[in-house]
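Peer 1: Sharing a structure, written as structure tokens. Questions coming.
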Amino acid sequence: MKQICVLTGGGDAPGLNAVIRAVVKTAINVYQCRVFGALDGYDGFLKEDGIIPLDLAAVRGILPRGGTILGTANRGNPFARKVIRDGKEVIEDVSDDFLQAVQRMGIDALIVIGGDGTLHAALELYQKGVPVIGVPKTIDNDIGGTEVTFGFDTALTIATEALDRLHTTAESHHRVMVLELMGRDAGFIALHAGVAGGADVILIPEIPFKYEAILRKIRQRVQNGSHFSLIAISEGAHPLGGKPVYARRGDEVYVPRLGGIGEQVGRYLEEQGFETRVTVLGHIQRGGTPTAFDRWLATRYGSAAVHLAVAGRFGHMVSLQNGQVVDVPLEKALAVPKRVDLNGDAVRAARGLGISFGDE
Ligand code: F6P
């Protein structure tokens with residue numbers, strides 16, 4: 001193993017820089033490798049000056065920094081890339097060019113730090129011959145092959161703080177506060193933050209809700225003397241028999257962007273006579289410094305990815321299982337996306353505390 005390259009793809013997540021730092025330090029200190037970084041995800045291999053050397057100085061001071069020093073892109077899939085041909089925008093499969101670029105540069109291992117979309121592309125690249133190692137990242141925590149992705153803890157900490165802040169103003173004004181949270185089709189951020197932040201209602205994609213059930217809960221609280229309520233709602237939550245709300249439609253390059261369900265729930269509650277305010281927390285959940293847990297996990301993932309690369313375990317992804325960092329084949333890890341376990345202890349605990357999921 002002589003030359004390792006690292007890239008960050010898809011939406012950013014707190015902890016990316018901690019992984020990059022761990023990759024660079026481990027590769028240089030332990031294995032005396034040369035390390036490179038691809039700029040803006042997969043695009044780095046497809047554009048001029050898209051690959052930069054990374055030495056120890058390049059990663060100094062980046063451990064607590066949010067974002068990624070390499071840049072990222074969530075439209076850079078080499079199997080479906082937007083390119084201009086004869087003045088027209090077309091979608092092309094440029095994976096052969098990608099493979100050739102990796103070979104031309106003499107990259108012995110490519111460490112891909114990404115979420116579901118980026119890692120699926122990594123798997124396909126591996127099947128074409130690119131020596132790939134995956135590192136799971138996403139605030140959504142929806143990757144099947146690991147117990148937790150880095151970035152999630154930071155997002156849930158920020159979401160919990162938002163609920164704490166909404167709590168005091170909700171109470172002062174006797175209002176219902178709706179907090180719309182990220183997570184795509186997985187409800188982990190809303191569930192965990194909702195429990196940690198004392199939400200009265202938690203609405204997640206895995207449990208379709210009924211408007212009347214939310215109303216029932218809020219009325220019940222009023223009857224019991226609580227004239228305010230907090231609702232944590234996942235952007236992917238939807239009513240029973242209804243569909244998720246999208247802020248932007250998807251196409252061959254972009255996945256659809258969720259957003260707007262919080263506003264719909266807020267409008268319904270206003271119509272029922274409850275003064276309601278809606279907050280969409282948005283990208284605040286993704287920006288800024290990672291929590292200690294995310295730095296710790298990201299560092300272990302980055303270090304383990306280098307050991308895997310040197311051991312030649314390509315097509316594998318680092319993963320947390322029972323508190324230990326192990327590795328799993330990408331194919332297996334990505335086969336089934338992770339969703340909230342409806343029979344798990346977290347949902348059970350929440351129900352036991354009287355939190356409504358809007359389903360009964
Ligand atoms: O997957 C991470 C995530 O933050 C989702 O929770 C959210 O739906 C999406 O990315 C937002 O994407 P973008 O940064 O393109 O707006």
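The values are calculated or read from the model by the stated rules, or taken from the named source; none is laboratory data. As the structure is a prediction and not an experimental result, all values here were calculated from the model. FYI the Cβ positions are ideal-geometry reconstructions off the backbone, even for glycines, and counts take in every protein chain you see. These accessible areas exclude ligands, DNA and RNA; they are computed on the full protein's heavy atoms, side chains included. Shrake-Rupley method; radii C 1.70, N 1.55, O 1.52, S 1.80 Å.
Peer 1: Could you grab me the full set of residues in the stretch 100-142 that are assigned to a helix (DSSP H, G or I) and closer than 15 Å to THR72 by Cβ?
Peer 2: Correct list: ASP116, GLY117, THR118, LEU119, ALA121, ALA122.
Peer 1: Inspect all residues belonging to the stretch 74-89 and state whether any of them is assigned by TED's automatic domain parsing to the domain that holds ARG313, touching a residue at least 12 places away in the same chain (Cβ under 8 Å) and in a strand (DSSP E or B). Write out each step before concluding.
Peer 2: If we filter the stretch 74-89 for residues that are assigned by TED's automatic domain parsing to the domain that holds ARG313, which is where we start, we get 74-89.
Subsequent filtering for residues that are touching a residue at least 12 places away in the same chain (Cβ under 8 Å) retains 74-82.
Checking which are in a strand (DSSP E or B) leaves us with 81-82.
Yes, the stretch 74-89 contains a residue that is assigned by TED's automatic domain parsing to the domain that holds ARG313, touching a residue at least 12 places away in the same chain (Cβ under 8 Å) and in a strand (DSSP E or B).
Peer 1: Can TYR268 be described as away from the ligand (no atom under 13 Å from the Cβ), assigned to a helix (DSSP H, G or I), of a type in the set (Ser, Thr, Tyr) and open to solvent by less than 40 Å² (accessible area, probe 1.4 Å)? Even if it seems obvious, please write down each step before you answer.
Peer 2: Details: away from the ligand (no atom under 13 Å from the Cβ): yes; assigned to a helix (DSSP H, G or I): yes; of a type in the set (Ser, Thr, Tyr): yes; open to solvent by less than 40 Å² (accessible area, probe 1.4 Å): no.
No; evaluated as a whole, the condition is false for this residue.
Peer 1: Restricting attention to the stretch 208-258, which residues are away from the ligand (no atom under 16 Å from the Cβ), touching a residue at least 40 places away in the same chain (Cβ under 8 Å) and open to solvent by less than 50 Å² (accessible area, probe 1.4 Å)?
Peer 2: Answer for the stretch 208-258, where residues must be away from the ligand (no atom under 16 Å from the Cβ), touching a residue at least 40 places away in the same chain (Cβ under 8 Å) and open to solvent by less than 50 Å² (accessible area, probe 1.4 Å): PRO208, PHE209, TYR211, ALA213, ILE214, LEU215, LYS217, ILE218, PHE228, SER229, LEU230, ILE231.
Peer 1: Would you say ARG65 is in the same structural domain as LYS25 (by TED's automatic domain parsing), surrounded by 16 or more Cβ atoms within 10 Å (Cβ to Cβ), touching a strand residue (DSSP E or B) at 6+ places or on another chain (Cβ under 6 Å) and touching a residue at least 60 places away in the same chain (Cβ under 8 Å)? Working first, answer last.
Peer 2: Values: in the same structural domain as LYS25 (by TED's automatic domain parsing): yes; surrounded by 16 or more Cβ atoms within 10 Å (Cβ to Cβ): yes; touching a strand residue (DSSP E or B) at 6+ places or on another chain (Cβ under 6 Å): no; touching a residue at least 60 places away in the same chain (Cβ under 8 Å): yes.
No.
Peer 1: Answer yes or no as to whether ALA122 is assigned by TED's automatic domain parsing to the domain that holds TYR254 and at negative phi.
Peer 2: Values: assigned by TED's automatic domain parsing to the domain that holds TYR254: no; at negative phi: yes.
Taking the combined requirement at face value, the residue does not satisfy it.
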